[in-house]
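Novice: Here it is, the structure in full.
The values are calculated or read from the model by the stated rules, or taken from the named source; none is laboratory data. Please read these numbers as outputs of a predicted model, since none were measured by experiment. Don't worry about glycine lacking a Cβ; one is built from the backbone with ideal geometry, like all the others, and counts go over all protein chains shown.
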Amino acid sequence: MAIRQLPPNLINRIAAGEVVERPASVVKELVENAIDAGASRIDVTVSGGGLQLIRVADDGAGMDARDLELAVERHATSKLKGEDLSHILTLGFRGEALPSIGAVAKLRITSRASDAADAFTIEVDGGRKAPLKPAARSAGTEVEVRDLFYATPARLKFMKSERAETTAITDVVKRLGLAHPEVAFSLSNGERTTLRLEACPPGLLDHGLSRLGRILGAEFVDDALPVSATRGHVRVEGYAGLPTLHRPNGLSIYLVVNGRPVRDRLIAGTVRAAYGDLVPRGRYPMVALFVDIPPEEVDVNVHPAKTELRFRDANGMRSLLIGAVRDALGEAGHRATGSLAHEALQRMRPAEYGLPPEDSGPRVYQSGPRAYSGPQRASYPTPDRVAFSDQAQAPLGGVAAPSADMRGAMTAEEPTDAYPLGAARAQIQDTFIIAQTGDALVIVDQHAAHERLVYERLKSALENGGVARQMLLIPDIVEMAPEALDSLLGAVDELERFGLVVESFGPQALAVREVPALLGNCDTRTLLSDLAGLLMEAEDGSGAQVLRDRLDHVLSTMACHGSVRAGRRLSPEEMNALLRDMEKTPFSGQCNHGRPTYVELKLTDIEKLFQRR
């Protein structure tokens, strides 16, 4: 087939396929143009998920008649000075967005330069450009896109529902609003405003939380940790949510590089690596990070939509981000998100247990077959776990005394708020420790908390020369399947580094001679079984290398089997010692699997639960 030159309309439609993926792509390009024009306010209106109408109005510099005619031509831009592509200081520079949009939709642009007396408008319908016309408008630009993809009907088949497309547009506006807090944004559907972001004063760590609160929610503001680090000419600032504040997807990871919102895999993967085992598997942290880097150190031209980047020193950037986030998380100590208490209290509401909802009439509670008296209304089923009967309302004389109190570690003169986690008061079901502070009750999962403590000690010991071992008076003999036995014997030296000394004991058994001193009397059978399973995952048989590569996972497994188990009764001294260790151990607010180790219930909230407030 002979080579031929493609017609301009077809060229523009091909370019549109790269730049204009969906309505959200159009909004992104138009809002970025407004930001580059120096706008202080940007108003976005969408209808039909952006397929029927997209209108973006700004108060930026605007365009005169000549610039307006050139704006809809391919590869025409005012954002690239000279021919240096290594020093990009604007969000857009390709000069393809407007002609690409005009090739697949009905485009109208009305603009007036800030120093001009007249405004002009131009229309592009499916790639056909109309003559320039005079118009009436204040300084700035308004771009209107109607019937998106009407010129390429095949693309319409791949669009999602109106709600999904609108959600994607909202996400784009939020990310651009987060990257440029000095600009005011509004998003409406023509009938009501769905998002409004007022301009914020400069200074991210001083004023940035106000914009973050509107985008990520008040919960993030309450649990956000400031992140700040510098290496050479690269600076990282922002906020990282507590590890116990996480979401089921990565949409709450906001990344901005030189004012450009990105979804770069390197940075997103680095953020997840920084949290490591602090977040449960399959969950994602809430983070907003802003990176300032010399333009020549990053390539923003590797993706048509400019959402992916390539760093000249990728390893250095990864190291800086991990260090900055880990330092912020480490300074949080044992702190956990306050939303855990809110969720716990919500589950304790009377309606959860089949009680009547609140009303303004009088209530009488008594010990008898009829436990509730008040305004007559429909009956409410009572779950089996709550029984309103004579037996349930009987005096509480048979309740056992608390298994612990605060006297083991604190004197009577010391107040209960002398320590952040307070004083141990009781142990429930030999699993949960109840502690009291000056204004709250703290419920601690003893196994989860001790698991994190042991894990952090194992990591510290390994970094400082190796894990201390203790010899067993009588070796443990563990019978195993031949393949599991072979995998463990192939990694004997590496296991010894972790404090576990084993040797062959017949064709299907191992003798455990020494165990890590921190684990005490651990379940060696289950521990070895789990480690063997980890080793057998290696397809090439390099078991020792697997242990080195998955160091945190190995130590976490060992800590899990060596920590205080649920069902073990603790003395007052042990409970208070556990609380004190939690207070001085980093990341103790969550266990090795990312689950919370404690919940703090404020007394004021408990009083509201019982309608005392």
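Novice: Tell me whether the range 238-259 contains one or more residues that are of a type in the set (A, V, I, L, M), surrounded by fewer than 21 Cβ atoms within 10 Å (Cβ to Cβ) and over 21 Å from Leu209 (Cβ atoms).
Specialist: No, there is no match, as no residue in the range 238-259 is of a type in the set (A, V, I, L, M), surrounded by fewer than 21 Cβ atoms within 10 Å (Cβ to Cβ) and over 21 Å from Leu209 (Cβ atoms).
Novice: Could you check the range 95-116 and list, in sequence order, the residues that are over 13 Å from Ala71 (Cα atoms) and not in a strand (DSSP E or B)?
Specialist: Within the range 95-116, Ala103, Val104, Ala105, Ala113, Ser114, Asp115, Ala116 meet the criteria.
Novice: A further question follows. Tell me yes or no: at least one residue of the range 131-142 is surrounded by 15 or more Cβ atoms within 10 Å (Cβ to Cβ), within 25 Å of the chain's Cα centre (by Cα) and assigned to a loop (DSSP other than H, G, I, E, B).
Specialist: Among the residues of the range 131-142, not one is surrounded by 15 or more Cβ atoms within 10 Å (Cβ to Cβ), within 25 Å of the chain's Cα centre (by Cα) and assigned to a loop (DSSP other than H, G, I, E, B), which makes the answer no.
Novice: Here is a further query. Quick test for you: out of Ala268, Ala328, Ala288, pick the one residue that is of a type in the set (A, V, I, L, M), in contact with a helix residue (DSSP H, G or I) (Cβ under 8 Å, 6 or more places away or on another chain), modelled with pLDDT of 85 or more and under 30 Å from Ala218 (Cβ atoms).
Specialist: Ala288
Novice: Next question, about the same structure. Looking at the range 460-480, which of its residues are in contact (Cβ under 8 Å) with a residue 40 or more places away in the chain and in a loop (DSSP other than H, G, I, E, B)?
Specialist: Val467, Ala468, Met480, listed by residue number.
Novice: Here is a list: Ala168, Ala154. Which entry is of a type in the set (A, V, I, L, M), out of contact with any Phe, Trp or Tyr (no Cβ under 7 Å at 6 or more places or on another chain) and at pLDDT 85 or above?
Specialist: Exactly one residue qualifies, and that residue is Ala168.
Novice: For the range 482-507, which positions are part of a loop (DSSP other than H, G, I, E, B) and exposed (fewer than 12 other Cβ atoms within 10 Å of the Cβ)?
Specialist: If we filter the range 482-507 for residues that are part of a loop (DSSP other than H, G, I, E, B), which is where we start, we get 490-491, 498-500, 505-507.
Result: Gly506, Pro507.
Novice: I've got another one for you. Taking the stated definitions as given, is Asp552 modelled with pLDDT of 75 or more, within 22 Å of Gly333 (Cβ to Cβ) and either assigned by TED's automatic domain parsing to the domain that holds Gly276 or part of a helix (DSSP H, G or I) (or both)? It would help to see each step written out before you state the result.
Specialist: Values: modelled with pLDDT of 75 or more: no; within 22 Å of Gly333 (Cβ to Cβ): yes; either assigned by TED's automatic domain parsing to the domain that holds Gly276 or part of a helix (DSSP H, G or I) (or both): yes.
So Asp552 fails the test.
Novice: Right, something else. Given (1) closer than 26 Å to Val20 by Cα; (2) surrounded by fewer than 16 Cβ atoms within 10 Å (Cβ to Cβ); (3) of a type in the set (Lys, Arg), identify the lone condition not met by Arg263.
Specialist: Evaluating Arg263 over (1) closer than 26 Å to Val20 by Cα; (2) surrounded by fewer than 16 Cβ atoms within 10 Å (Cβ to Cβ); (3) of a type in the set (Lys, Arg) leaves (2) as the failure.
Novice: Still on this structure: Within the range 222-231, can one find any residue that is without any contact (Cβ under 8 Å) to a residue 24 or more places away in the chain, touching a helix residue (DSSP H, G or I) at 6+ places or on another chain (Cβ under 9 Å), acidic (Asp, Glu) and surrounded by fewer than 19 Cβ atoms within 10 Å (Cβ to Cβ)?
Specialist: Within the range 222-231, not a single residue is without any contact (Cβ under 8 Å) to a residue 24 or more places away in the chain, touching a helix residue (DSSP H, G or I) at 6+ places or on another chain (Cβ under 9 Å), acidic (Asp, Glu) and surrounded by fewer than 19 Cβ atoms within 10 Å (Cβ to Cβ).
Novice: Within the range 421-430, track down each residue that is buried (at least 17 other Cβ atoms within 10 Å of the Cβ) and part of a loop (DSSP other than H, G, I, E, B).
Specialist: Leu421, Gly422
This table checks each residue for (1) outside the structural domain of Gln590 (by TED's automatic domain parsing); (2) more than 20 Å from Pro596 (Cα to Cα); (3) modelled with pLDDT under 85; (4) not aromatic (Phe, Trp, Tyr).
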| position | (1), (2), (3), (4) |
| --- | --- |
| Ile443 | no, no, no, yes |
| Leu488 | no, yes, no, yes |
| Val501 | no, yes, no, yes |
| Ser504 | no, yes, no, yes |
| Leu510 | no, yes, no, yes |
| Gly520 | no, yes, yes, yes |
